[in-house]
1. If I go through segment 70-103 residue by residue, how many of them are in a loop (DSSP other than H, G, I, E, B) and farther than 18 Å from Thr118 by Cβ?
2. Among the numbered criteria (1) in a strand (DSSP E or B); (2) out of contact with any His (no Cβ under 7 Å at 6 or more places or on another chain), which single criterion is violated by Lys41?
3. Which residues, taken from segment 25-43, are polar (S, T, N, Q) and modelled with pLDDT of 95 or more?
4. Given the conditions (1) surrounded by fewer than 15 Cβ atoms within 10 Å (Cβ to Cβ); (2) touching a residue at least 60 places away in the same chain (Cβ under 8 Å), report the number of the one that Ala95 does not fulfil.
5. Can you tell me how many residues in segment 73-92 are open to solvent by 40 Å² or more (accessible area, probe 1.4 Å) and over 14 Å from the mean Cα position of the chain (by Cα)?
6. Report, by residue number, each residue of segment 44-69 that is of a type outside the set (D, E, K, R) and in a loop (DSSP other than H, G, I, E, B).
7. Hey, Ala104 hits all of (1) open to solvent by 10 Å² or more (accessible area, probe 1.4 Å); (2) without any contact (Cβ under 8 Å) to a residue 60 or more places away in the chain; (3) in contact with a Ser or Thr (Cβ under 9 Å, 6 or more places away or on another chain) but one; which does it fall short on?
8. Got a sec? Which of Arg36, Arg65, Arg70, Arg51 is touching a strand residue (DSSP E or B) at 6+ places or on another chain (Cβ under 9 Å), open to solvent by 60 Å² or more (accessible area, probe 1.4 Å) and of a type in the set (Lys, Arg)?
Amino acid sequence: VQLQASGGGLVQAGDSLRLSCAASERFTSYVVAWFRQAPGKERTFVAAIRRNQGSTHYADSVKGRFTISRDNAKNTVYLQMNSLKPEDTAVYYCAADMHTILSAVRDTRAYDSWGQGTLVTVSS
């Protein structure tokens, strides 16, 4: 499956953004995740949603502020980001895989398909 991430931009601390990850085909059977990579740092897990309307998982740093959801009719997964902080600044990537198991949802190696990334910049 091919993924297209969008929705990034420049915002101020406390603002909100919604990222979208559009898939090239029906992907109800895929686990979909968001990762982010700040300049000079490794790519880290942000959130994941399991198949169909399955369970969601979040990094501790975004829990309570970010919400991942999926609209299967539109083949799109969203990441609603509220109360943004300067430390949320990063390139955000969406990833998908049909075979990711629960214990691996936070691991970049568990995903075969990746979007191109969308830049989120949060100013203080």
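The values are calculated or read from the model by the stated rules, or taken from the named source; none is laboratory data. Quantities reported herein were computed from a predicted structural model and do not represent experimental measurements. Every residue, glycine as well, gets a Cβ built from its backbone with ideal geometry; the counts of neighbours run over all protein chains shown. These accessible areas exclude ligands, DNA and RNA; they are computed on the full protein's heavy atoms, side chains included. Shrake-Rupley method; radii C 1.70, N 1.55, O 1.52, S 1.80 Å.
1. Summing the residues that are in a loop (DSSP other than H, G, I, E, B) and farther than 18 Å from Thr118 by Cβ in segment 70-103 gives 5.
2. (1) is the only condition that Lys41 fails.
3. Correct list: Gln37 only.
4. All conditions are met except number (1).
5. The number of residues fulfilling the criteria is 6.
6. Asn52, Gln53, Gly54, Ser55, Ala59, Ser61, Val62, Gly64
7. Of (1) open to solvent by 10 Å² or more (accessible area, probe 1.4 Å); (2) without any contact (Cβ under 8 Å) to a residue 60 or more places away in the chain; (3) in contact with a Ser or Thr (Cβ under 9 Å, 6 or more places away or on another chain), only one is false for Ala104: (3).
8. Exactly one residue qualifies, and that residue is Arg51.
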